[in-house]
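So the structure is just underneath, and the comments pick up after that.
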Amino acid sequence: MRVLSYNIHKGIGGRDRRYQFRRILDVIEHENPDLICLQEVDRDTRRSRHDDQPHLLLEHFQFPHLMYRINVPLKHGGYGNLLLSRWPFKSRHEVSLRWGTKKPRSAQIAIVETLEGPLRLVNCHLGLTETERQWQVRHLLEHNLFRESDGLPTLIVGDTNDWRNTLIQGPLQEFGMKQITGPPSKFRSFPAYMAVGALDKAFCCPQLHVHEARIVRTSLTRDASDHLPLVIDFHLNEESANNSPDIFLPRKP
């Protein structure tokens with residue numbers, strides 16, 4: 001199975017500052033993911049020509065299952081996180097991660113009925129200060145909507161804004177999660193055109209079997225957004241990995 005996590009920056013290129021949503025679609029399509037976790041997805045804003053980006057994504061990829069809610073309202077429209085899945089959601093929740101008067105943030109929690117069984121998938125976009133991020137992660141992990149699915153294989157992805165790579169040392173480690181995206185030098189994702197910060201990260205429970213995690217570095221990804229996408233190939237456990245030897249054959253371009 002493959003998940004893609006990507007801060008799409010509303011479809012505005014990080015280098016040329018042009019709005020060209022087709023580039024975002026092409027980046028995602030080339031990776032052919034089963035689960036798409038996006039941050040900064042616009043709906044009805046002037047800067048993105050009042051496009052309904054969730055609808056454009058749904059229409060293009062024809063994934064039957066979608067989660068989206070505007071987290072940051074603007075004068076017209078707003079933006080938020082989006083999750084698209086090939087497989088149905090057994091349950092889905094939005095958890096507010098707003099800390100004090102800071103910009104509204106949130107996490108999406110979905111129990112996805114994958115071909116290998118249920119997966120607890122979290123798509124999040126964290127704050128700009130370390131204190132804020134540590135509070136947000138603890139709030140998420142202790143939230144009843146997260147805890148009600150304890151025991152399931154778990155994958156947490158998103159734009160963490162974790163410049164100093166300290167997030168794993170706090171609540172995530174206390175809750176038994178491990179970081180997939182390490183060492184940071186291999187996962188630099190921001191700014192896309194000359195990446196120096198490993199901001200787009202993934203964490204999982206011990207039983208999840210990760211085949212490969214990588215940042216996608218191409219001429220297109222360097223122009224499409226101000227972040228580079230993160231792709232993870234995984235199984236829910238070692239047994240399912242052993243029983244599916246051909247799952248990671250090269251995918252269609």
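The values are calculated or read from the model by the stated rules, or taken from the named source; none is laboratory data. Model, not experiment: these values are computed from the prediction. Using ideal geometry, Cβ is built from the backbone for each residue, glycine included, and neighbour counts are taken over all protein chains shown. Note: accessible area is taken over every heavy atom of the protein model, side chains too, but ligands, DNA and RNA are not part of it. Shrake-Rupley method; radii C 1.70, N 1.55, O 1.52, S 1.80 Å.
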Is there any pair with a first residue in segment 39-54 that is polar (S, T, N, Q) and a second that is open to solvent by 30 Å² or more (accessible area, probe 1.4 Å) whose Cβ atoms are under 8 Å apart and which are 6 or more apart or on different chains, and what are they? Thr45/Leu74; Thr45/His76; Gln53/Arg43
Checked segment 1-11 for anything open to solvent by 20 Å² or more (accessible area, probe 1.4 Å) and either farther than 28 Å from Leu155 by Cα or in a strand (DSSP E or B) (or both); matches are Arg2
Every pair of residues 6+ apart whose Cβ atoms lie under 8 Å, when the first sits in segment 25-36 and is within 9 Å of Phe63 (Cβ to Cβ) while the second is assigned to a helix (DSSP H, G or I) and open to solvent by less than 10 Å² (accessible area, probe 1.4 Å): Ile36/Ile28; Ile36/Leu57
Of the residues in segment 110-166, those that are under 30 Å from Val196 (Cβ atoms) and part of a loop (DSSP other than H, G, I, E, B) number 11
Condition first: among the polar types (S, T, N, Q), within 19 Å of the chain's Cα centre (by Cα), surrounded by 20 or more Cβ atoms within 10 Å (Cβ to Cβ) and over 23 Å from Asn144 (Cα atoms). Can you find one or more residues in segment 22-32 that meet it? no
Matching residues, segment 189-226, being open to solvent by less than 10 Å² (accessible area, probe 1.4 Å), more than 20 Å from Leu141 (Cβ to Cβ) and either modelled with pLDDT under 95 or of a type outside the set (A, V, I, L, M) (or both): Ser189, Gly197, Thr221, Ser225
When you check Thr154 against the structure, is it open to solvent by 10 Å² or more (accessible area, probe 1.4 Å) and β-branched (Val, Ile, Thr), yes or no? no
Considering only segment 93-104, I want to know if a residue exists there that is crowded, with 21+ Cβ neighbours inside 10 Å, over 26 Å from Leu208 (Cα atoms) and in contact with a Cys (Cβ under 8 Å, 6 or more places away or on another chain). no
Only one of (1) without any contact (Cβ under 8 Å) to a residue 24 or more places away in the chain; (2) farther than 19 Å from Gly14 by Cα fails for Met194. Which number is that? (2)
Quick check: is even one residue across segment 68-82 in a loop (DSSP other than H, G, I, E, B), of a type outside the set (A, V, I, L, M), in contact (Cβ under 8 Å) with a residue 24 or more places away in the chain and touching a Cys at 6+ places or on another chain (Cβ under 9 Å)? no
Of the numbered conditions (1) closer than 19 Å to Leu152 by Cβ; (2) open to solvent by 60 Å² or more (accessible area, probe 1.4 Å); (3) without any contact (Cβ under 8 Å) to a residue 40 or more places away in the chain, Met177 fails exactly one; give the number of that condition. (2)
Filter pass, Asp42 being closer than 23 Å to Leu74 by Cα and open to solvent by 20 Å² or more (accessible area, probe 1.4 Å): no
Select from segment 1-42 the residues that are touching a helix residue (DSSP H, G or I) at 6+ places or on another chain (Cβ under 6 Å) and either on the phi > 0 side of the Ramachandran plot or at pLDDT below 95 (or both) and list them in ascending order. Lys10, Gly11, Gly14, Arg15, Glu40
Can we say Arg120 is without any contact (Cβ under 8 Å) to a residue 24 or more places away in the chain and either surrounded by 16 or more Cβ atoms within 10 Å (Cβ to Cβ) or not hydroxyl-bearing (Ser, Thr, Tyr) (or both)? no
Which residues, counting only those in segment 80-92, are open to solvent by 10 Å² or more (accessible area, probe 1.4 Å) and of a type in the set (A, V, I, L, M, F, W, C)? Trp87, Phe89
Can you give me the number of residues within segment 45-58 that are open to solvent by 10 Å² or more (accessible area, probe 1.4 Å) and of a type in the set (A, V, I, L, M, F, W, C)? 2
